[in-house]
Ligand SMILES: Cc1cc2nc3c(=O)[nH]c(=O)nc-3n(C[C@H](O)[C@H](O)[C@H](O)COP(=O)(O)OP(=O)(O)OC[C@H]3O[C@@H](n4cnc5c(N)ncnc54)[C@H](O)[C@@H]3O)c2cc1C
């Protein structure tokens, strides 16, 4: 078989397998903050995921929701980190070690790894897809600046894990809280602006509330720095078919969730302004 056909058929076998619902057993549950928990399970395909990709998690009898991978390991030991916000995530938070979940995926486009001087900015649970990314960037970057923020100290995620990950490399961690209960008082984007005004970065990675990532996009444009963000929209099929996650001409589940500055420039009239609800109606972000 010609090389290209072999590659195509490998890809279609992978996609078929990824689309199949697998039942996994929860091996471990850890509380990260008052409303966030991490769930560990074993899945071979997730072991091959790129940082920034997500899975659809089926909570039997309730719903199926998208979740980014917070740990990716080649042996398939995988975690998702979930904020309790509504019905599905509440039901997920009640799950214990030994309970089962269904998963499909990994789906979507992940982050493209960049060498050189990189900035990573995460707000709240936006840090989730940035964790496996940071794990890869420590092998490539000459310098890493990690900006993480939350409203209060108890909502800051992954501080110990990040300290450990970055201890052996040229890296700086700057934590911010809105109430000043830990690190610097203020928001991540203020710190990002100060750094960008002083230093040239080769790439910015960001994930968090949409107003925050929109501000990061504006800063990246102002300082002529390439940017990749992970964006959330209502994801249902995760295969690019149902259109629930559309923004401009882009489908977040297929073209994203990681989008580049070039892609964001094409959706500037929507990004940071409005999204669609479950009925497809425009609502402000
Ligand atoms: C690609 C992607 C990755 C995500 N990764 C994470 C993650 O790592 N950790 C995390 O805590 N959350 C993540 N989310 C958000 C998570 O999917 C929603 O919080 C969850 O679906 C809420 O479901 P619910 O039934 O608990 O809440 P609901 O009460 O149904 O909804 C609360 C809010 O959650 C959002 N939401 C609900 N259903 C969906 C859906 N199917 N797709 C997208 N958003 C939805 C909407 O903004 C809604 O207003 C991610 C979303 C996307 C699109």
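Annotation: of all residues in the range 237-264 being in contact (Cβ under 8 Å) with a residue 12 or more places away in the chain and out of contact with any strand residue (DSSP E or B) (no Cβ under 8 Å at 6 or more places or on another chain), the one that is surrounded by the most Cβ atoms within 10 Å (Cβ to Cβ) is 237.
For the range 216-235, name all the residues that are over 17 Å from the mean Cα position of the chain (by Cα) and either on the phi < 0 side of the Ramachandran plot or at pLDDT below 95 (or both). Within the range 216-235, 218, 219, 220, 221, 222, 223, 225, 226 meet the criteria.
Each row is one residue, and each column tells you yes or no for (1) surrounded by 18 or more Cβ atoms within 10 Å (Cβ to Cβ); (2) under 21 Å from residue 81 (Cβ atoms).
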site	(1), (2)
176	yes, yes
213	yes, yes
229	yes, yes
271	yes, no
276	no, no
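Of the strands (runs of 3 or more DSSP E) lying entirely inside the range 46-134, those containing at least 2 residues that are within 12 Å of the ligand (Cβ to nearest atom) span 54-59, 63-71, 77-83, 100-107. Would you check if there is a residue in the range 8-19 being at negative phi, more than 11 Å from the ligand (Cβ to nearest atom) and part of a loop (DSSP other than H, G, I, E, B)? Checking the range 8-19: not a single residue is at negative phi, more than 11 Å from the ligand (Cβ to nearest atom) and part of a loop (DSSP other than H, G, I, E, B).
Considering the range 143-160, the residues that are at pLDDT 95 or above and over 19 Å from residue 209 (Cα atoms) include one that is surrounded by the most Cβ atoms within 10 Å (Cβ to Cβ), namely 145.
The values are calculated or read from the model by the stated rules, or taken from the named source; none is laboratory data. As the structure is a computational prediction, the values presented were derived from the model and not from experiment. Ideal geometry is used to build each Cβ from the backbone, glycine not excepted, and the neighbour counts take in all protein chains shown.
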